1. Please state which one of Ile19, Ile52, Ile27 is modelled with pLDDT under 70 and surrounded by 12 or more Cβ atoms within 10 Å (Cβ to Cβ).
2. Which of the residues that make up region 61-78 are β-branched (Val, Ile, Thr) and modelled with pLDDT of 95 or more?
3. Could you look through region 45-75, keep only residues that are part of a helix (DSSP H, G or I) and in contact with a His (Cβ under 9 Å, 6 or more places away or on another chain), and pick out the one that is farthest from Ser18 (Cα to Cα)?
Amino acid sequence: KLVGGTKRKAADAAGELSIGEQYALGIGGHKWADVALDMGKLEKRTAEDLKIYLKYHGLKLSGRKAELCARIREHAMS
């Protein structure tokens, strides 16, 4: 059920998780720690995917893409 004002993609509405959500939860073989260690892979993710990870882990969502990547790397290595 959608909660007031949230926008969801068709895949989400059907109960499927987006790639960003799969990475955030570490399911389906998707591991952010592996992506975070590979400098090029993390930067190839969309800002939306990066923010999904940050949101799932209770981290700050604001900032430029480079700042989001740095925040994920720091969290993944802790």
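1. On the way: Ile52 fails: modelled with pLDDT under 70; Ile27 fails: surrounded by 12 or more Cβ atoms within 10 Å (Cβ to Cβ).
From the options Ile19, Ile52, Ile27, the qualifying one is Ile19.
2. We begin by selecting, within region 61-78, every residue β-branched (Val, Ile, Thr); these are 72.
Of everything in region 61-78, nothing turns out to be β-branched (Val, Ile, Thr) and modelled with pLDDT of 95 or more.
3. Of everything passing the filter in region 45-75, His75 is farthest from Ser18 (Cα to Cα).
The values are calculated or read from the model by the stated rules, or taken from the named source; none is laboratory data. From a predicted model like this one, the values you see are computed outputs, not experimental measurements. For neighbour counting, all protein chains shown are included, and Cβ atoms are generated from backbone atoms with ideal geometry for every residue, glycine included.
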